[in-house]
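Each reported figure results from applying straightforward, stated rules to the coordinates on display, with no laboratory input. What you see is a predicted model; the values in this text were computed from it and never measured. Virtual Cβ from ideal backbone geometry, glycine too; neighbours counted across all protein chains shown.
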Amino acid sequence: MTEPSTKYDELLFSSIDGELNPQQAAELEALLNADPELQKRLDTLKAINTSLVRIASEPTESDPLKFEPAPPTKPNPFRWVAYAAILAISAGLFIYMNPSQPKPVFDTRNVYRQITMEFEPQIVCDTPEKFIAYTQEAFGKPIEADFLSSVQLVGWRLLGANYTPNKPPKVPTTRILLANSEDGTQILVAFVPRGLPIPKPQQGSNLNVFEKSVRSVRMYEITPLDSPSVLDLLN
């Protein structure tokens, strides 16, 4: 069996996230028209994205944050579909799934409101060394943070997975860095894996979203302030 090429995965993930510029969109359209297998791979990645975020967005009674699911009382078929699809992709297999489901979105306003109601971290990295070690483990790349700034880095929360200390989540998970600006404004920075929905400004909301990428790790600062306070501290 011929293994599917991953050469264009970066382009495919950017397409799923709605991040292509017109030139990239035209390039991808030409590639898809010329290669039916690449179209199948795009359909598969879209279906995996839909399944994973559906799992992550099941609400719970104990925590209204819709990205943190309660433990299921019976087997969740979408969970096994997602696991099987991930394993198949990593093994170089194509699995065709129905890509017609609507694309999930990151509810920026709701996530900000729910997290800032408690503003309690699940993971605390209170030194530069701990921050580097955590980001190396979480993202496979070390990220440095400026702890001498007047901005306070409070800690981390995970979206899309029930948090268990010292046990990494089983599926790609958006991680939220909590911070306080100098004037006490609460700020979130979402670290979003490829294929999961990204924060975007919402109509009628006072929240702004600023983006930065460090060694291919994507970060989105969600803040009521008019300029980013945290992204410049991360390198």
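A few points about this structure:
- Approximate spin-label separation SER213-GLU137, in nm, with each point projected 7 Å along Cα-to-Cβ: 2.7 nm
- The distance separating the Cα centre of segment 137-157 from that of segment 169-194 comes to 10 Å.
- Whole-Hz ³J(HN,Hα) from phi, Karplus 6.51 cos²θ - 1.76 cosθ + 1.60, for segment 125-137, glycine and proline x: 10, 9, 9, x, 5, 5, 5, 4, 5, 5, 5, 4, 5
- Here is the list for segment 119-205: trypsin sites (Lys or Arg not before Pro) lying in DSSP coil, each with at most 15 other C-beta atoms within 10 angstrom of its C-beta, are LYS170.
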